[in-house]
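The values are calculated or read from the model by the stated rules, or taken from the named source; none is laboratory data. Computed from a prediction, not measured in an experiment: that's the story for all the values here. Glycine also receives a Cβ, built like all others from the backbone with ideal geometry; neighbour counts cover every protein chain displayed. Ligands, DNA and RNA are stripped out before the accessible areas are found, and what is left, the full protein with its side chains, is counted by its heavy atoms. Shrake-Rupley method; radii C 1.70, N 1.55, O 1.52, S 1.80 Å.
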Amino acid sequence: MSEPIFASAADLARDLAAGTLSSEEATRACLERIESSDGDVHAFLHVRADEALSDARAIDQRRASGEALGPLAGVPIAVKDAFCTTGSPTTCGSRMLEGWVPPYDATVVRRLKEAGLVILGKTNMDEFAMGSSTENSAFGPTRNPWDLTRIPGGSGGGSAACLAAFEAPLAVGSDTGGSIRQPASVTGTVGVKPTYGGVSRYGLVAMASSLDQPGPCARTVLDAALLHAVMAGHDPSDSTSIDAPVPDVVAAARAGDVAGMRIGVVTELSGEGYAPGVEQRFQEAVAALAAAGAEIVEVSCPHFSLALPAYYLIMPSEVSSNLARFDAMRYGLRVGDDGSHSAEQVMRLSRGAGFGAEVKRRVILGTYALSSGYYDAYYGSAQKARTLIIEDFDRAFATVDVLVSPSTPTTAFPLGERTNDPMAMYQADLCTIPSNMAGNSSASFPAGLAPEDGLPVGFQVMAPPLCDDRLYRVGAALERVLTERWGAPLLDALAGRDRLSEGGRA
Ligand code: GLN
C-alpha cells in the first residue's frame, strides 16, 4: 500500500501543489484501501470509483495547465450519505430512499466540488441520522477500526471509521445531537460541529431542523480547519444560514496557542457513569492545557442535566414533521401500488416497510409530544428547558472563553450491547447534546487511549456561537502537547499496527 493513505490532508495538499503527487495517485490509493479494508469496516454505502478517478484526473489537468486551485484541490474526501449528491445514490441509511439519486447537490457538496476535492463515495450512518452506533443503518453496521467487534459511534460512524481505517483523509458529517463528535471520540479522530447556521443545511436530509448542523471530520486539527473553511459561509438557500464572516479557523489551528485563555471545566459532565479511563485522560488533557498556559476554572451548568430529556422531546417532534415528506408519492419506496390500494393505504404500507424501528419510535414519540392535549406539557416544557440551557452557556461564556468535558461517557461499546436498550444508547450523547440545544460551536479531539481497554477517548471543547476558531486553538494546543507526549499522533498507533500486518504478509 502506498503512503498517501497515511498522510494528512494538509500534507497531501502540499505534495499535490509541489507536483510530487497527483490527485489520481492519491485517489487511487484511497480506492485500493477501501477495496482491501472496507469489507471489514463497512464505512461506505456507495463508492464512486470510476467517477472519482476521472474527477481526480480533471483536477490534475487543471493544475498542469497552470490554473490557480484552492488549498484542498485534488484531496479525496468521503461524504455522509445524508447529503444530496447528483449522480450518486443518497439513502440516509434507509430503505425508504434506497436507489434514490437526488436531482441536485447539497450546498456543502457543491462547495467541495468547487474547491476541487474528489468525492470518493457516501458513508454509512444510522437511519435518518438517528442513533449512536450505526447499528440502525438499514444496510448493516459499520465497525470500529480500533476493534472490529465495537461500534464506531453514530450516526456518522461511517465518516469517522473511514478516517481511522485510512480509507479517506477527510469526511463530511452532520451533527444533531452528537453525530459528528461522538463518532470522532470513539475512533480517535477530530470532529467539529460548527455554530448552528455556520454551514449550510441546504441538501442535507432533514432530521431535526433546529438542531442539524453539517461539519468537518478529519484525523488532524489543521485538516478539520481546512475543510471547515471550504464548507462554511452564508448560503441564501438555507434560511437559518448566518450572514457573517466565517471565523478564521485555519489561522487558529495553525496558532494553537492557549496562553491566557480561560477554560471552564463543566462540573456536571463528569462523575458517576463516566468510565475511569475517560475521566483520567480528560483530566490529563486539562492539565496539559494548564501547562500550555491556559487558566482552568470549574463552571457549573446546572441545567445541562435537562438537555437529554428535552432533546428527546424536541428532536422527535421535528422528526415527526420532517419525515412526513416520505409519503411514497414523490420519491423513495412505494409499496402496494398495484391498483388495489388507496393512496392512503400505499402511504401506510410504504412507511411501514421503509422505516426501521428507531425511526418509527421517534415519529410516534414526536407526534404524541405535539398532539393538542400534550403540546404544552411536553414540547412546551422542553422549549423552556432549552432556554435554561442557553442561559447556562451565556452565564458561563461571560467568564470563560471555552468550556470543556469528555466527549462521551465511555469508550466504544461492543456491537449489539445497547441495541435493545434505547435509554443506554441515548446516554452516549449526554455531553454533546447541550451544544445542539444552544446552537454554539463544539468539537471532539483525541485525548489518548483509556488504560482499561486501549480504546480512544475524546475531549470536547465548546465555544460561543461564531467563535468556532477557539475550538481549533484549543484542539491544536492539545494535539501538539499530546503528540509530543506520545511521540506520534494517536492514529499512528493504528497505522503502525497496519504496517506491521502488511510487513507480516509481505
Ligand atoms: N445519537 C443522537 C440521536 O440518536 C444524535 C444523532 C445526530 O446527531 N444525528 O439522536
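With the checklist (1) open to solvent by 10 Å² or more (accessible area, probe 1.4 Å); (2) outside any loop (DSSP other than H, G, I, E, B) in hand, flag the one item residue 162 doesn't pass.
(1)
Any chance you could count how many residues in the stretch 311-362 are at positive phi and either open to solvent by 40 Å² or more (accessible area, probe 1.4 Å) or within 14 Å of the ligand (Cβ to nearest atom) (or both)?
1
Could you please give the count of residues in the stretch 410-433 that are among the acidic types (Asp, Glu) and surrounded by 14 or more Cβ atoms within 10 Å (Cβ to Cβ)?
2
Could you tell me whether residue 50 is touching a strand residue (DSSP E or B) at 6+ places or on another chain (Cβ under 8 Å) and either of a type in the set (Asp, Glu) or at positive phi (or both)?
No: the conditions fail for residue 50.
Against the condition open to solvent by less than 10 Å² (accessible area, probe 1.4 Å) and within 13 Å of the ligand (Cβ to nearest atom), how does residue 223 come out, does it pass?
No; evaluated as a whole, the condition is false for this residue.
Would you check which residues across the stretch 251-284 are in contact with a Pro (Cβ under 9 Å, 6 or more places away or on another chain) and open to solvent by less than 30 Å² (accessible area, probe 1.4 Å) and list them?
Listed by number, the residues that qualify are 266, 269, 274, 275, 277, 278, 282.
State which residue pairs qualify: first residue within 14 Å of residue 224 (Cβ to Cβ) and among the hydroxyl-bearing types (Ser, Thr, Tyr) and inside the stretch 454-473, second residue open to solvent by less than 30 Å² (accessible area, probe 1.4 Å) and assigned to a loop (DSSP other than H, G, I, E, B) in any location, beta carbons under 7 Å apart, and separation of 6 or more residues or different chains.
Qualifying pairs under 7 Å: none.
What is the residue count in the stretch 60-118 for residues that are in contact with a Pro (Cβ under 7 Å, 6 or more places away or on another chain), at pLDDT 95 or above and of a type outside the set (A, V, I, L, M, F, W, C)?
Final tally of qualifying residues: 4.
Does residue 62 meet the test of being open to solvent by 60 Å² or more (accessible area, probe 1.4 Å) and in contact with a Gly (Cβ under 8 Å, 6 or more places away or on another chain)?
Answer is yes for this residue.
Quick one: residue 151 ticks every box in (1) crowded, with 24+ Cβ neighbours inside 10 Å; (2) farther than 21 Å from residue 128 by Cβ except a single one, so which number is it?
(2)
Mind checking which pairs have a first residue in the stretch 422-436 that is within 16 Å of residue 386 (Cβ to Cβ) and a second that is more than 10 Å from the ligand (Cβ to nearest atom) and of a type in the set (S, T, N, Q), Cβ under 6 Å, 6 or more apart or different chains?
That search, which allows pairs on different chains as well, returns 435/442.
Which condition breaks for residue 243 when tested against (1) out of contact with any strand residue (DSSP E or B) (no Cβ under 9 Å at 6 or more places or on another chain); (2) more than 16 Å from the ligand (Cβ to nearest atom); (3) in contact (Cβ under 8 Å) with a residue 24 or more places away in the chain?
The failed condition is (3).
Tally up the residues in the stretch 312-347 that are within 30 Å of residue 424 (Cα to Cα) and either among the aliphatic types (A, V, I, L, M) or touching a strand residue (DSSP E or B) at 6+ places or on another chain (Cβ under 6 Å) (or both), please.
Total meeting the criteria: 6.
Could you list, in sequence order, all residues of the stretch 440-470 that are open to solvent by 10 Å² or more (accessible area, probe 1.4 Å) and either within 15 Å of the ligand (Cβ to nearest atom) or among the acidic types (Asp, Glu) (or both)?
452, 453, 469
Residue check, residue 431 against (1) within 13 Å of the ligand (Cβ to nearest atom); (2) in a loop (DSSP other than H, G, I, E, B); (3) over 18 Å from the mean Cα position of the chain (by Cα), all met but one. Which one?
(3)
Could you tell me whether the stretch 237-260 includes any residue that is of a type outside the set (Lys, Arg), within 20 Å of the chain's Cα centre (by Cα) and under 22 Å from residue 186 (Cβ atoms)?
Within the stretch 237-260, none of the residues are of a type outside the set (Lys, Arg), within 20 Å of the chain's Cα centre (by Cα) and under 22 Å from residue 186 (Cβ atoms).
Of the residues 32, 67, which single one is open to solvent by 20 Å² or more (accessible area, probe 1.4 Å) and in contact (Cβ under 8 Å) with a residue 12 or more places away in the chain?
On the way: 67 fails: in contact (Cβ under 8 Å) with a residue 12 or more places away in the chain.
Matching residue, one of 32, 67: 32.
Under 6 Å between Cβ atoms, which residue pairs at least 6 apart in sequence (or on different chains) link something in the stretch 324-344 that is modelled with pLDDT of 95 or more with a partner that is assigned to a loop (DSSP other than H, G, I, E, B)?
326/332; 334/328
Can you tell me which of (1) surrounded by fewer than 24 Cβ atoms within 10 Å (Cβ to Cβ); (2) over 21 Å from residue 449 (Cα atoms); (3) more than 16 Å from the ligand (Cβ to nearest atom); (4) not acidic (Asp, Glu) is the one residue 168 doesn't meet?
Every condition holds for residue 168 apart from (1).
So for the stretch 378-399 (the condition being outside any helix (DSSP H, G or I) and out of contact with any helix residue (DSSP H, G or I) (no Cβ under 9 Å at 6 or more places or on another chain)), does at least one residue qualify?
Yes: the stretch 378-399 contains one or more residues that are outside any helix (DSSP H, G or I) and out of contact with any helix residue (DSSP H, G or I) (no Cβ under 9 Å at 6 or more places or on another chain).
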